[in-house]
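Worksheet for the structure shown next.
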Amino acid sequence: MTTTTAPAPSEHDTTELAATARRLSILNGLFELRAFIALAVLIVVFSLLSDSFLTVTNVITMTKHVAINAVIALGMLLVILKGGIDLSVGSIVGLSGVVAGELLQGMSIGVLDVVAYPPVWAVIVLCIAVGMLVGLVNGILVTRFRVAPFIATLGMLYVARGLALLISNGATYPNLGGSPALGNTGFGFLGSGRPLGLPTSIWLMAILAAAVALLLVKSPFGRWLYATGGNERAADLSGVPVNRVKTIVYVVSGACAAIAGLIIASELTSAAPQAGETYELNAIAAVVIGGAALSGGRGTVRGTLVGAFVIGFLADGLVIVGVSTFWQILIKGAVIVLAVMLDQGQQRFQRRQGAAASAAAAVTKPASH
Amino acid sequence: MTAVLRAREVTKVYGGTHALKGVDFDVAAGRVTALFGENGAGKSTLMKILAGIERPTTGQVELDGEVTQPRSARDAADHGISIIHQELSLCPNLSVQDNLFLAREIRGRTGAVDRAAQRAATTAVMRRLEEPIDPDRLVADLRLGQQQIVEIARALLQNARVLIMDEPTSALTAPEVAVLFRLIRELTAAGVAVVYISHHLDEALEIADDVVVLRDGALVATAKARDVELSWIVSHMVGRDPDALFPDREPEIGEPVLALDGLVVADPQNPHRLAVDQLSLTLHEGEILGIYGLMGSGRTELLEAVAGRITPVAGTIELGGEPLGTTGIRDRIARGIALVPEDRQRDGLVQTMSVGQNISLAGLARFVRGLFVNRDTERAAVSKIISDVTVKTSGAAAAIGSLSGGNQQKVVIGKALLTQPRVLLLDEPSRGVDVGAKADIFALVAAQARRGLSVIFTTSEAEEALHIPDRLLVLARGRLVGEFRRGQITREDLMSLSDGGTAVPTEARERAR
């Protein structure tokens, strides 16, 4: 009792598979562009609702707001690509501003009984170094002591904020203008300078975005980062220095947050220890709306920038058309959840599309052993 | 012969892929039906449909002649169909009895879990399986083979009329397999229908009454087990001559390349246990060295220690006469040691990256010019690897998930080869790989060895152990218990050695031939 039949793919199967693959790839393309589409919809809707929305001045103002979140989000993107999260960035924003205030208003060195007034460039370098230091602590906690990133950076959220309050004694540094006699003027440039007609912060956002994109796409570090976030064990076994990668992303994230803190302090020409509270959440939202996976390994600079624009334009647009603050908060939350839901949908499509494409390939190109 | 469970014209489509194409499949009461097929042939999909985990796209399932599509695994179990999964589906943080009665707890009058009754039932079922495991032990503390037995016990407790076993013996020793087979005989004598799936084809044929072969989602052959031989099954699975699987080779063996001396490696899961115990071996240039050992024999820890993932407790590893010390994976890759891990999903592949990015990951340093990766040289090297290791893919940009198991394995091997190694370590390279891809993989390894690459591969399949390597070492409980040239050892000797010297029961031995 032995029967044998041989299966053969029909002509019909092949065309059907190819058609399915094509259809899915178009849908997938639309999904890819969803953040852009969302941004375009926002711009159209707000332009219709208000004449003052789509004016050069307003767009520049809104982009200045976006820039601060975008700079933080770029660092956050690296951390999220690794599969981590950095909750400490908002506090680093505050700490960085306070350190700038302290340095610009004169840092008394107790033992020597002198007051030091470092030049502005040194202030900027020192503030960024402080941010990197906090990031380094995050990195060491996560890699060496195996503390979960959520907990490690939650701890540093409080520690950095506490430091900012301690240094400032809870008070705001009112005047960061410096004085010509001390040679420490020019800090205002970061917030109100306009090289080539655009605010400095927008330039900073553009330069940082280009640098991070280059890092991710072209450098071996970028590849290591995507691999570590995608599958840490596989990356490790492929010789990727996983712990170094993980530490570096927190350091970069700390630096980005410190830069944002400097921009804010400079714009306001004052530094409050409370600056940057809940900014970590906006940054995470931008990264997530931009299509990055919180599980790591997936995300782009382009997406994160668009995500930051969506959040920024949405917030400012709602203000312009006069929607109440309470509704703004609610709408922002809904947008974030919707973005993640769409992302799940896209992943399902991608899997189906991949399967369909390879099935079509397998049918048209018979096995070659 | 009555069919208890029957699949009628079952088709399953995932996206655009036809996993099953109109399959008719009968399971007879009191008989063992062995289901054969390469990976991706549709075996697991068919079983998932029968067990209610998946639903067919078209077609139907009949139980006792009535159309019954189980809506869930729970529903299927209520209908008397239970399944032992290929992947262990136990909760390691719970005790044996908690796992056995998970979601089916025995309740007392108050509604509280009756632990005494559960414990008694657990002890009884473990006695039937001749594995006296304490019902209150954590599953995490059991060795892999014991966990598999717990998995089997869970299915037994459900008093199923149809019992589906998908790879139930991958971590079992020969005596444990013998116990399982005796139990299967008892069950079929009591009228239970058993569906048996195993990569160990000879083992499945031994226990089977009926044989069914799937290929590319279609049923290609059915027969009575007594009417057919292994070669008949393999040729239907592959659709070509199985003798081509193990080509002869004339090894050119050179100088020693890798030398391990007195290597001791602690078990990373349980530091009090030694995974590798005082192991010494020498690997020569151009040699293919096989290590035969079951899961848990220490083979993975051995290779990981050589690759630099685990630091040995004692002993030395020398590459080309130079001691490697305690350097990490990165340094060892640079010196020419590459590992293809056993579990490619967990340790081998980055699912979020493309085929090409996976292939270049370990050898990325070769393409770095200044600060950046030179993508042109990378692309050229990657496409060379794709054609060298014959990955069937739409291109380097394809998603890893779109490839079959065999092709994914080729990607991991390609990644290792791209680092231009002197020593290639392959941990169960044929696990979860279909017969065709298996032949490709070993042909590829042989071709690399001819060019002077030294290879160590581990296997738990006797056929591979006997036919592929130039020299075979047998590993049991972390120690080398035998060393053979090709053709010096028989299958039976191998089986008994791998259990750590325990003799195979004569009954099982006779049937294994």
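The values are calculated or read from the model by the stated rules, or taken from the named source; none is laboratory data. Note that this is a predicted model, so its numbers are computed, not measured. Backbone-built Cβ (ideal geometry, glycine too); neighbour counts: all protein chains shown.
With the requirement that a residue be facing chain A (nearest Cβ under 7 Å) and charged (D, E, K, R), what does the stretch B:330-344 give you? Result: B:ARG330, single match.
As for the stretch B:307-329, it holds at least one residue that is touching a residue at least 12 places away in the same chain (Cβ under 8 Å), within 10 Å of chain A (Cβ to nearest Cβ), surrounded by fewer than 20 Cβ atoms within 10 Å (Cβ to Cβ) and farther than 13 Å from B:LEU425 by Cβ. Within the stretch B:142-172, the set of residues being of a type in the set (Asp, Glu) and touching a Pro at 6+ places or on another chain (Cβ under 9 Å) comprises just one member, B:GLU151.
Of everything in the stretch B:386-410, what is outside any loop (DSSP other than H, G, I, E, B) and surrounded by fewer than 23 Cβ atoms within 10 Å (Cβ to Cβ)? Give them in sequence order. Listed by number, the residues that qualify are B:ILE386, B:SER387, B:ASP388, B:ALA399, B:GLY401, B:GLY405. Considering (1) part of a helix (DSSP H, G or I); (2) more than 24 Å from A:PRO199 (Cα to Cα); (3) in contact (Cβ under 8 Å) with a residue 60 or more places away in the chain, the lone condition that A:ARG244 does not fulfil carries the number (3). Among the residues of the stretch B:350-372, those identified as in contact with a Ser or Thr (Cβ under 7 Å, 6 or more places away or on another chain), crowded, with 22+ Cβ neighbours inside 10 Å and within 9 Å of chain A (Cβ to nearest Cβ) are B:LEU361, B:ALA362, B:GLY363. Put simply, of B:ASP209, B:ASP202, B:ASP166, B:ASP216 the only residue that is within 14 Å of another protein chain (Cβ to nearest Cβ) and surrounded by fewer than 21 Cβ atoms within 10 Å (Cβ to Cβ) is B:ASP209. Using the structure shown, decide if B:LEU425 is of a type in the set (A, V, I, L, M, F, W, C), within 12 Å of chain A (Cβ to nearest Cβ) and part of a strand (DSSP E or B). It is true that B:LEU425 is of a type in the set (A, V, I, L, M, F, W, C), within 12 Å of chain A (Cβ to nearest Cβ) and part of a strand (DSSP E or B). Only one entry in A:GLU267, A:GLU232 is farther than 26 Å from A:VAL337 by Cα, more than 14 Å from chain B (Cβ to nearest Cβ), among the acidic types (Asp, Glu) and out of contact with any Phe, Trp or Tyr (no Cβ under 6 Å at 6 or more places or on another chain), namely A:GLU267.
Within the stretch B:58-87, the residues that satisfy the criterion of being under 28 Å from the mean Cα position of the chain (by Cα), surrounded by fewer than 16 Cβ atoms within 10 Å (Cβ to Cβ) and assigned to a loop (DSSP other than H, G, I, E, B) are B:SER72, B:GLU87. Within the stretch A:302-326, residues that are among the basic types (Lys, Arg) have Cβ atoms under 8 Å from residues that are modelled with pLDDT of 95 or more in these pairs: A:ARG302/A:ALA213, counting only partners at least 6 apart in sequence or on another chain.
Consider B:LEU274 carefully, then state whether it is modelled with pLDDT of 90 or more, assigned by TED's automatic domain parsing to the domain that holds B:PHE457 and over 30 Å from B:ALA51 (Cβ atoms). No. Could you check, for the stretch B:162-170, whether at least one of its residues is at pLDDT 90 or above and among the small types (Gly, Ala, Ser)? No, there is no match, as no residue in the stretch B:162-170 is at pLDDT 90 or above and among the small types (Gly, Ala, Ser).
Filtering the stretch B:330-347 for residues that are more than 14 Å from B:LEU425 (Cα to Cα), free of Cβ contacts under 8 Å to residues at least 12 places away in the same chain and either of a type in the set (A, V, I, L, M) or not in a helix (DSSP H, G or I) (or both) leaves an empty set. Beta carbons closer than 7 Å, at least 6 apart along the sequence or on distinct chains, pair a first residue in the stretch B:433-448 that is more than 20 Å from B:LEU418 (Cα to Cα) with a second that is among the acidic types (Asp, Glu) and at pLDDT below 90 for B:ASP434/B:GLU38; B:VAL435/B:GLU38; B:GLY436/B:GLU38. The residues of the stretch A:192-202 that are within 18 Å of A:ALA308 (Cβ to Cβ) and more than 16 Å from the chain's Cα centre (by Cα), listed by number, are A:LEU198, A:PRO199, A:THR200. B:ASP347 meets each of the listed conditions (1) facing another protein chain (nearest Cβ under 7 Å); (2) at pLDDT 95 or above apart from (2).
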